[in-house]
Amino acid sequence: MSRILEEARAIQNEIINNRRYLHQHAELGDNLTITTKYVVEKLEEMGYEPQIIANSAVVALVGGKKDGKTFLLRADMDALPIKEENDLEYKSKTDSMHACGHDTHTAMLLGAAKILKNHEDELEGTVKLMFQPAEEQLAGARAMVEAGVLENPKVDAAAMIHIFSGMPVPAGTLLIPEGGYVSASADMFHIDIQGKGGHGAMPQDSIDPLNIAANIHLGLQEIIAREIHPSSTSIITIGQMHGGNAANIIPDTAYIQGTIRAFDKDDRALMKKRVVEIAEGIASTFRGKATVEYRM
């Protein structure tokens with residue numbers, strides 16, 4: 001193990017350089033043209049034969065020369081739609097930003113790939129490297145599973161790693177959870193609200209979708225406050241509310257986007273059901289209409 005750690009220290013600058021390049025070229029969803037190309041090129045330089053699946057996902061194998069199980073290592077690659085505003089020498093050159101650490105995860109897995117390749121003859125079994133797009137859109141993992149990432153060879157176990165800023169522990173600390181699940185389910189919802197536009201001076205002739213959106217936002221918080229057991233860990237987060245484009249005009253439509261997260265499958269099902277009921281009920285109360293779509 002000490003030898004492996006020394007090898008990791010020896011390529012630290014390489015890992016940092018990879019991370020900074022990825023940070024400068026942050027991309028969204030599964031449209032990772034620059035990122036995917038970079039990952040593939042780096043893997044090929046190490047002697048891998050990477051495959052691109054599910055549009056921009058990358059898979060590579062190391063080992064397999066000795067019998068054994070297949071272990072998967074996973075890193076996500078996509079960024080967030082945030083404009084980076086700082087003066088770092090490696091700040092993003094795009095309108096997106098790696099604000100959730102996926103540039104770091106990808107660079108770390110590239111580092112692991114190099115060390116594993118150097119010890120390929122020693123591996124008993126196979127290590128499968130999984131570079132995942134569209135994690136922020138809650139779609140990349142499913143797409144890769146459907147494309148066969150867990151097969152050929154069949155994966156026996158898997159691990160991922162995620163950096164955590166702001167934790168009350170020294171930098172460089174590795175946190176390993178106890179048995180059981182540690183990550184919540186994450187489901188994204190989109191609520192379209194249909195009203196009736198009109199002039200701001202004559203609200204009686206309109207159906208205000210912004211008023212409906214505001215009341216839906218408040219109503220959804222009551223699910224956590226009054227319908228989920230206080231000991232349960234469940235969250236409803238509204239991340240987007242949009243509607244209108246003038247101060248004196250009531251718009252026709254508005255929309256809300258958010259996520260629900262849960263550790264319990266029954267809580268997850270309840271929240272999904274109640275988001276629909278509350279959105280439709282409040283919209284109806286104020287003479288409008290709401291339609292809810294989910295991405296699980």
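The values are calculated or read from the model by the stated rules, or taken from the named source; none is laboratory data. What you see is a predicted model; the values in this text were computed from it and never measured. Because the Cβ atoms are built from the backbone with ideal geometry, glycine has one as well, and the counts that use them run over all protein chains shown. Surface areas here come from the heavy atoms of the whole protein model, side chains and all, with no ligands, DNA or RNA. Shrake-Rupley method; radii C 1.70, N 1.55, O 1.52, S 1.80 Å.
Quick notes on this structure:
- Of the numbered criteria (1) out of contact with any His (no Cβ under 8 Å at 6 or more places or on another chain); (2) aromatic (Phe, Trp, Tyr); (3) within 28 Å of Pro81 (Cβ to Cβ), the one Tyr48 fails is (3).
- Remark: pairs (first residue in the range 247-272, under 30 Å from Gln204 (Cβ atoms); second residue polar (S, T, N, Q) and buried (at least 19 other Cβ atoms within 10 Å of the Cβ); Cβ separation under 6 Å; 6+ apart in sequence or on different chains) = Ile250/Ser206.
- Test: residue in the range 225-244 that is assigned to a loop (DSSP other than H, G, I, E, B), surrounded by fewer than 17 Cβ atoms within 10 Å (Cβ to Cβ) and touching a strand residue (DSSP E or B) at 6+ places or on another chain (Cβ under 6 Å): no
- Of the residues making up the range 53-83, those that are charged (D, E, K, R) and open to solvent by less than 10 Å² (accessible area, probe 1.4 Å) are Asp76, Asp78.
- Scanning the range 246-264 for residues that are outside any strand (DSSP E or B), at pLDDT 95 or above and either among the aromatic types (Phe, Trp, Tyr) or open to solvent by 70 Å² or more (accessible area, probe 1.4 Å) (or both) turns up Ala247, Asn248, Asp252.
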